[in-house]
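Notes follow the structure.
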Amino acid sequence: MNDLSSVAVDGTAVRTGLFIDGEWQPSASGATFPVYDPATERLIAEVAAANADDARRALDAAHRAQKSWRKTSPRERAELLRRTFEIIQSRSDEFAAVLTAEMGKPLGESLGEVAYGNEFMRWFSEQAAHVEGTFGQNPAGQTNIIVTREPVGPSLMITPWNFPLAMGTRKVGAALAAGCPVIIKPAALTPLTMALFVEALEEAGVPAGVVNLIPSDRASVISSSLMSDARLRKVSFTGSTGVGSTLLAQAAEHVQNSSMELGGNGPFVVLSDADVEAAVEGAITAKFRNGGQSCVAANRIIVHRDVAERFTEAFVQRVEALRMGDGRGDGTDVGPVIDGKQRDRIATLVDDAVAGGATVRVGGFVPAGAGSFYPPTVLTGVDPGSEISREEIFGPVATIAVADSDEQAIEMANDTPFGLVAFVFSQGLDRAFWAAGELEAGMIGVNRGLVSDAAAPFGGIKASGLGREGGAFGIEEYLETKYVALNR
Ligand code: NAD
């Protein structure tokens, strides 16, 4: 591999190197790792595998770049982000094709992710010039209190495979707007979309060292080597709660600023006065978007007994009509899951639930043939204490449990260590607001099955994380507060 290497993925050329200090390059060791198409299980790329030396070089570059990057004008940073937004927009089809090839989601959903992910570039281009401080007087009158905001410093971003573009732009847009250089470690299963994104930033004119990309199949080697270096000032992680806890422990050594977007176990609550048809549509979106591989997926559908039968019959009918297939195909609603390991994990969760008394209404089997497919599945009569109710399913499997009262439904919904998202359907404004107040989650969808929005604060409580991404809060994660006491 030479430093210009790229591979054609569904007709789009994608860089396969590391990007450090403004140069595409092979890894120091020359090692690579494979990337597969989950729909066919075929190899689509070999990508340079960064090691600890590469990580250190990326941090050297980011640390050097920090001195000038933090001093650029907010307008300059805003315009870089805006140019990147426009480049991505003009290449949406290519981004979407690569996203589908490496991750498997249907092309229409990939285009949706490109639009959503790119919205963070536009949003943070607008935020960059609106960072404010304060000026005041202390109560005794001897000093003026001047409060300014400054960039945190070199930031490590570790992203998951389920939204390969959006989970990166949501962090990178905010960090660059705030004046922080970044080191991105994308998921090993889906590093290609992030390479396209970095190429767009390069084309937009990002200075050398401000954005560094170090894909690797040895994530913990990269994070440990960077986090043991006090020059790294921030870690922003999206992924599972277990890995998030490990990173928080590592961040303690140098007291590195940490943002954690972790796992969820989202309840989808249908109250007794819900519009059942709307609830069914909301549940289809909340459960089957991205094949259920979303941290904000409906993991547990909890329905009031009065509407349970009507909801279940209509929901099962809708799920029966969902078409599973290669994401490139016209009319595919649900693509493959990310790999065979995930498919087998999902199959075991379903089999154990059935052994524990649940009933399969649709799906519930591993289909024959190539590709890591698991069909859209509905289980009823699921024990709320069973593993499938306790764990994040992260696949196209819906479980329905019945509650005897609205109060019991909320109690069941909150019975989890996680608190990322919750959905509630009710036609009564009072009832819906009561439920939104009672549900323990960082985000509540009321009468809708989708909450993600670049202009809103995304994040969880309890074991689902620390900090918020997007909205007015997103840039805050990359800013520190400095107070100057001015003698009067
Ligand atoms: P994961 O935790 O296995 O991996 C996430 C990232 O961390 C990847 O880049 C991976 O290479 C890296 N990683 C893995 N082990 C590591 C280690 N020991 N040290 C450092 N880095 C390590 O998660 P995943 O399977 O890629 O993603 C699914 C999880 O992400 C789910 O739990 C989902 O809920 C969560 N998620 C959360 C959000 C959110 O915003 N809260 C969004 C998307 C996904």
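The values are calculated or read from the model by the stated rules, or taken from the named source; none is laboratory data. Predicted model only: the values in this text are computed from it and were never measured. No Cβ is skipped: glycine too gets one built from the backbone with ideal geometry, and neighbour counts run over all protein chains shown.
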Some residue of region 338-347 being within 22 Å of the chain's Cα centre (by Cα), closer than 30 Å to Arg468 by Cβ and of a type in the set (S, T, N, Q): yes
Take region 140-187 and flag every residue that is more than 10 Å from the ligand (Cβ to nearest atom) and either of a type in the set (Val, Ile, Thr) or not assigned by TED's automatic domain parsing to the domain that holds Val35 (or both). Thr143, Ile145, Ile146, Val147, Thr148, Val152, Thr169, Val172, Val182, Ile183
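In region 469-487, what residues are of a type in the set (D, E, K, R) and in contact with a strand residue (DSSP E or B) (Cβ under 6 Å, 6 or more places away or on another chain)? Break it down stepwise before answering.
Here is the first cut: in region 469-487, the ones of a type in the set (D, E, K, R) are 469, 476-477, 480, 482.
Of everything in region 469-487, those that are of a type in the set (D, E, K, R) and in contact with a strand residue (DSSP E or B) (Cβ under 6 Å, 6 or more places away or on another chain) turn out to be Glu469, Glu477, Glu480, Lys482.
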If you take the residues in region 355-388 that are surrounded by fewer than 16 Cβ atoms within 10 Å (Cβ to Cβ) and assigned to a helix (DSSP H, G or I), which one is farthest from the ligand (Cβ to nearest atom)? Ala355
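Would you pick out the residues in region 433-452 that are without any contact (Cβ under 8 Å) to a residue 60 or more places away in the chain and either closer than 17 Å to Gly471 by Cβ or more than 16 Å from the ligand (Cβ to nearest atom) (or both)?
Let us first name the residues in region 433-452 that are without any contact (Cβ under 8 Å) to a residue 60 or more places away in the chain, namely 433-434, 436-438, 440, 442, 444, 446.
Result: Phe433, Trp434, Ala436, Gly437, Glu438, Gly442, Ile444, Val446.
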Check whether at least one residue in region 128-137 is in a loop (DSSP other than H, G, I, E, B), under 17 Å from the mean Cα position of the chain (by Cα) and either away from the ligand (no atom under 16 Å from the Cβ) or under 24 Å from Ala96 (Cβ atoms) (or both), and report yes or no. no
Please name all residue pairs, on different chains or six or more residues apart, with Cβ atoms under 6 Å, provided the first residue is in region 347-371 and is at negative phi and aliphatic (A, V, I, L, M) and the second residue is part of a loop (DSSP other than H, G, I, E, B) and crowded, with 19+ Cβ neighbours inside 10 Å. Val350/Gly364; Ala353/Val382; Ala353/Ser386; Ala358/Val382
Over region 185-217, the set of residues of a type in the set (Val, Ile, Thr) and farther than 25 Å from His130 by Cβ is Thr190, Thr193, Val198, Ile214
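Being aromatic (Phe, Trp, Tyr) and more than 9 Å from the ligand (Cβ to nearest atom) is the requirement here; does Phe237 meet it? Walk me through how you get there before you give the answer.
On the way: aromatic (Phe, Trp, Tyr): yes; more than 9 Å from the ligand (Cβ to nearest atom): no.
Against the criterion (aromatic (Phe, Trp, Tyr) and more than 9 Å from the ligand (Cβ to nearest atom)), Phe237 does not qualify.
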Condition check for Ile222: under 18 Å from Gly168 (Cα atoms), near the ligand (Cβ under 10 Å from one of its atoms), modelled with pLDDT of 95 or more and surrounded by 24 or more Cβ atoms within 10 Å (Cβ to Cβ): yes
The correct count of residues that are acidic (Asp, Glu) and in contact with a helix residue (DSSP H, G or I) (Cβ under 6 Å, 6 or more places away or on another chain) in region 90-130 is 2
From the set of residues in region 188-215 that are in contact with a Leu (Cβ under 9 Å, 6 or more places away or on another chain) and of a type in the set (Gly, Ala, Ser), which is farthest from the ligand (Cβ to nearest atom)? Gly205
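Going through region 100-119 one residue at a time, which ones are of a type in the set (A, V, I, L, M, F, W, C) and touching a strand residue (DSSP E or B) at 6+ places or on another chain (Cβ under 8 Å)?
Ala101
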So in region 407-421, with the set limited to residues that are away from the ligand (no atom under 16 Å from the Cβ) and buried (at least 23 other Cβ atoms within 10 Å of the Cβ), which one is farthest from the chain's Cα centre (by Cα)? Ala409
Members of region 453-488 that are buried (at least 22 other Cβ atoms within 10 Å of the Cβ) and not aliphatic (A, V, I, L, M): Phe458, Gly459, Gly460, Ser464, Gly465, Glu469, Gly470, Gly474, Glu477, Tyr478
Can you confirm whether Thr84 is in contact (Cβ under 8 Å) with a residue 40 or more places away in the chain and not in a helix (DSSP H, G or I)? no
